Amino acid sequence: MFGKITLSIIKPDAVKKGYIVPILSKIVHSGFHIIALKMTELSKTSAKKFYAEHKNKLFFESLIKFMSSGPIVSVILQKENAVKDFRILIGNTNPIHAKEGTIRNLYASSLEKNAIHGSDNNQNAFEESLFHFSNREIFFK
Ligand code: CMP
């Protein structure tokens with residue numbers, strides 16, 4: 001499965017605004033298969049672990065507060081070239097620069113509250129998937 005999956009998170013801003021279904025619908029219509037999905041909440045401790053690579057950034061504390069502020073939806077998606085194609089579908093990290101029709105262009109409200117996460121490489125896709133799901137919760141197609 002290495003190279004054929006990506007981990008996505010529908011973030012608290014998008015969940016609060018009622019965008020779970022429109023976002024998942026767009027993802028599935030773009031050819032991705034949902035092979036694991038759960039609505040959950042990140043504790044501050046889990047959020048800090050998940051975003052450890054950003055721990056020295058100025059925005060880290062604010063990011064942790066935001067990501068643990070409410071429910072999220074974690075999803076593993078399967079497709080050829082999943083990581084690359086998904087990052088095209090979600091658009092630039094900063095919604096101001098996200099192309100028209102991308103998920104962040106449509107649903108994000110700021111650089112921090114940018115609606116959705118997508119893994120940035122195959123190794124992270126694998127590790128992030130196992131951060132959110134056990135093997136028994138993943139149903140490969
Ligand atoms: P994502 O790429 O999913 O994971 C890291 C997150 O940090 C990113 O989305 C944004 O939500 C957030 N982020 C990145 N850069 C900044 C920034 N300069 N200021 C605030 N938040 C940021």
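Could you sort the peptides 127-140, 61-74 by per-residue average Cβ neighbour count (10 Å cutoff), highest mean leading? Mind dumping the intermediate values first?
Numbers: 127-140: 14.4, 61-74: 17.1.
Packing proxy ranking, top to bottom: 61-74, 127-140.
Lys and Arg at +1, Asp and Glu at -1: add these up for the other residues within a Cβ distance under 10 Å of residue 115 and post the number.
Values: positive: 11, 17, 104, 113; negative: 13.
Residues close to residue 115 contribute a combined charge of +3.
Quick query: amide H of residue 116 versus all other amide H atoms, modeled in the peptide plane; which residues come in under 5 Å with a sequence gap of 5 or more or a different chain?
11
From the phi angles alone, apply the Karplus equation (6.51, -1.76, 1.60; θ = phi - 60°) to the stretch 75-92 and give each ³J(HN,Hα) in whole Hz, x where the residue is Gly or Pro.
Karplus-based 3J(HN,Hα) across the stretch 75-92 equals 9, 9, 10, 10, 5, 4, 6, 4, 4, 5, 5, 5, 5, 5, 5, 7, x, 4 Hz.
Taking 22 Å as R0, compute the FRET efficiency from the Cβ-Cβ separation of residue 53 and residue 29 and round it to 0.05.
Details: r = 31 Å, r/R0 = 1.42.
With R0 = 22 Å, the Cβ-Cβ based efficiency is 0.10.
Could you go through the stretch 34-48 in sequence order and give the Karplus-derived ³J(HN,Hα) for each residue, using 6.51 cos²θ - 1.76 cosθ + 1.60 with θ = phi - 60°, rounded to whole Hz, and x for Gly and Pro?
Once rounded to whole Hz, the list reads 7, 10, 7, 7, 8, 9, 8, 10, 8, 6, 4, 5, 5, 4, 5.
Can you flag which of 48/84; 26/57; 4/57; 57/99; 4/65 are past 28 Å Cα-Cα?
On the way: 48/84 25 Å; 26/57 32 Å; 4/57 30 Å; 57/99 26 Å; 4/65 31 Å.
As for pairs spanning more than 28 Å Cα to Cα, those are 26/57; 4/57; 4/65.
Carbon and sulfur together cover what percent of the accessible area of the chain at a 1.4 Å probe radius? Intermediate results must be reported in sequence, preceding the final value.
On the way: 4190 of 7700 Å².
Here it works out to 54 percent.
Across the Cα atoms of the stretch 22-108, what radius of gyration and what greatest pairwise Cα-Cα distance (Dmax) are found, in Å?
14.2, 37
Just the number please: accessible area per residue for the stretch 68-141, 1.4 Å probe, all protein chains included, in Å². Each step should come with its number before you reach the end.
Working: 3930 Å² over 74 residues.
Here the residues of the stretch 68-141 average 53 Å² of exposed surface.
Expected output is a single nm value to one decimal: the length gained when fully extending between residue 124 and residue 92, i.e. 0.36 nm times separation in residues minus the C-alpha distance. What is it? Show your work: numbers first, answer last.
On the way: separation 32, 0.36 × 32 = 11.52 nm, distance 1.82 nm.
This chain segment gains 9.7 nm when fully extended.
The values are calculated or read from the model by the stated rules, or taken from the named source; none is laboratory data. Please read all numbers here as calculations on a predicted model, not as lab measurements. Quick reminder, even Gly has a Cβ in these numbers, built from the backbone with ideal geometry, and neighbours come from all protein chains shown. These accessible areas exclude ligands, DNA and RNA; they are computed on the full protein's heavy atoms, side chains included. Shrake-Rupley method; radii C 1.70, N 1.55, O 1.52, S 1.80 Å.
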